[in-house]
1. Within 18 Å of the chain's Cα centre (by Cα), over 30 Å from Glu23 (Cα atoms) and in contact (Cβ under 8 Å) with a residue 40 or more places away in the chain: which single residue out of Ile336, Ile275 fits that description?
2. Mind checking whether some residue in segment 11-28 is at pLDDT 95 or above, assigned to a loop (DSSP other than H, G, I, E, B), of a type outside the set (Ser, Thr, Tyr) and within 28 Å of Val377 (Cβ to Cβ)?
3. Could you please find all residues in segment 138-158 being surrounded by fewer than 24 Cβ atoms within 10 Å (Cβ to Cβ) and out of contact with any helix residue (DSSP H, G or I) (no Cβ under 7 Å at 6 or more places or on another chain)?
4. I'd like to check something: does segment 287-310 contain any residue that is hydrophobic (A, V, I, L, M, F, W, C), closer than 22 Å to Lys118 by Cα and in contact with a Phe, Trp or Tyr (Cβ under 8 Å, 6 or more places away or on another chain)?
5. With Ala359, Ala423, Ala341, Ala355 as the choices, which residue is of a type in the set (A, V, I, L, M, F, W, C), in a helix (DSSP H, G or I) and touching a Ser or Thr at 6+ places or on another chain (Cβ under 9 Å)?
6. Taking the options Leu257, Leu210, name whichever one is within 13 Å of the ligand (Cβ to nearest atom), among the aliphatic types (A, V, I, L, M), surrounded by 24 or more Cβ atoms within 10 Å (Cβ to Cβ) and under 23 Å from Asn112 (Cα atoms).
7. Do any helices (runs of 4 or more DSSP H) entirely within segment 75-183 hold 1 or more residues that are under 30 Å from Val358 (Cβ atoms), among the charged types (D, E, K, R) and away from the ligand (no atom under 16 Å from the Cβ), and if so, which?
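The values are calculated or read from the model by the stated rules, or taken from the named source; none is laboratory data. None of these values were measured; they are calculated from a predicted model. FYI the Cβ positions are ideal-geometry reconstructions off the backbone, even for glycines, and counts take in every protein chain you see.
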Amino acid sequence: MADTVQRCERCGAAIDELEPAAECPACGGLLELEHAFRGTPAEHRAAFAARRSALAPPDASGVWRYRELVLPSAESGDIVSHPEGNTPLVERDGVSRWAGVEHVLMKHEGHNPTGSFKDRGMTVAMTQARRTGARAVACASTGNTSASLAAYAAQAGIPALVFVPAGHVALGKLTQTLAYGARTLLVRGNFDACLTLAREASHALGIQLLNSINPFRLEGQKTIVLEVLDQLGWDPPDWIALPAGNLGNTSAFGKALREAQAVGLIARVPRLAAIQAEGASPFAQAFRERFARHIEVDPETVATAIRIGAPASWERAVRAIRDTNGVVESVSDAEILDAKAVIDAAGVGCEPASAASVAGVAKLRQRGVIRPGERVVAVLTGHLLKDPGALVKYHQETEPPPQRANRPIEIDANVDEVRRVLAKSTH
Ligand code: F0G
């Protein structure tokens, strides 16, 4: 048997690894990669550690370092890597104190080459697109996937087409997408409409779809968890909190933990806490009903990255939450902006959707779900500069100023003015 097959999550059909199918050809279900893992935990750890000193991709990549668990059959010459990953795990007292938990470790995925975790999935999906001879690639996006797709398509030399919701993409993301050269379509509709259109267009026009329904994306995104576990010496935290929109990452995290345990890299599985924005929280609502039904909503939130009402990876995310004894919580826009201001003022910074993870930790702490002494990893999914519009609004334009607003002060060019300002700011 081949080392890797694509398995339909619905009907169980097995599809060759090199078949460029967006969905199961038999029943339309989502596909998942199934690898035959070889090697002992010690052998895996030694291979991961040996690659850490590499200077060039693919070994220098925080995705391909874990290639035995990601895409074992990929040849180095096929790999499209920036490189990516190798993101810091940071702790800041101000953030832990605000969340009410002794240790909140922030996994900062904004340190990836295009400023979000999407690069981890994109390096694998673009590698696969190249291996299978894609003539063009496409995605629907709230902005980060499109920026990442555009950059990796440029590197691979494959034409890229993106579908984004007109008027609802943060400035940093839209401008990245244009700069990296993707053909950019501003669709009059929300993300869910963009994804439906992108799926139809990719079927009709023979373009490979690189959204997170593409199973190769999830293989790359698993490495967020693998890298966290590696950074913690394979001693798992109690919780991993992450923002949840289309539920690709939630699904990837569940798969990473399942496999890390199956391979013997960890003996215990952390609990996942998937956090949604209140105005776009179908998954959190369903969780409260023990996932008895599938819910869709008309989404609205300041966190445009997760402004999604009909998440595509629903079933596999349900499995991730169930497998890890996880929870799903929702937080208001005010809670997100508050958490973001705290993360930003700690000198770390992130985009609004990312702050949902820390806001969720604070809420779960208040509700007594997370205990104060538990070790929590909160994933910051995107960089502070992704959404300058949200920053201008918070710090300069909101009346009355929010609690943590840092208004700039315009002065005449003389030292007395500076002295006056300094006297006010230092007492
Ligand atoms: N955080 C950020 C910064 C994101 O961009 C996204 C998703 C998520 C969290 C949620 O991840 O969808 O896997 O549950 N952004 C997608 C995009 C939808 O198009 O960039 P998810």
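1. Selected residue: Ile336, the only one of Ile336, Ile275 that is within 18 Å of the chain's Cα centre (by Cα), over 30 Å from Glu23 (Cα atoms) and in contact (Cβ under 8 Å) with a residue 40 or more places away in the chain.
2. Checking segment 11-28: not a single residue is at pLDDT 95 or above, assigned to a loop (DSSP other than H, G, I, E, B), of a type outside the set (Ser, Thr, Tyr) and within 28 Å of Val377 (Cβ to Cβ).
3. Those that are surrounded by fewer than 24 Cβ atoms within 10 Å (Cβ to Cβ) and out of contact with any helix residue (DSSP H, G or I) (no Cβ under 7 Å at 6 or more places or on another chain): Ala154, Gln155, Gly157.
4. Within segment 287-310, one or more residues are hydrophobic (A, V, I, L, M, F, W, C), closer than 22 Å to Lys118 by Cα and in contact with a Phe, Trp or Tyr (Cβ under 8 Å, 6 or more places away or on another chain).
5. On the way: Ala423 fails: touching a Ser or Thr at 6+ places or on another chain (Cβ under 9 Å); Ala341 fails: touching a Ser or Thr at 6+ places or on another chain (Cβ under 9 Å); Ala355 fails: touching a Ser or Thr at 6+ places or on another chain (Cβ under 9 Å).
That would be Ala359, the only listed residue that is of a type in the set (A, V, I, L, M, F, W, C), in a helix (DSSP H, G or I) and touching a Ser or Thr at 6+ places or on another chain (Cβ under 9 Å).
6. On the way: Leu257 fails: within 13 Å of the ligand (Cβ to nearest atom).
The conditions single out Leu210.
7. Ranges flagged: 93-99.
Here's the yes/no breakdown for (1) within 15 Å of the ligand (Cβ to nearest atom); (2) farther than 18 Å from Asn144 by Cβ; (3) hydroxyl-bearing (Ser, Thr, Tyr); (4) surrounded by 19 or more Cβ atoms within 10 Å (Cβ to Cβ):
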| site | (1), (2), (3), (4) |
| --- | --- |
| Ile275 | yes, no, no, yes |
| Ala305 | yes, no, no, yes |
| Val318 | yes, yes, no, yes |
| Arg322 | no, yes, no, no |
| Val342 | no, yes, no, yes |
| Glu351 | yes, no, no, yes |
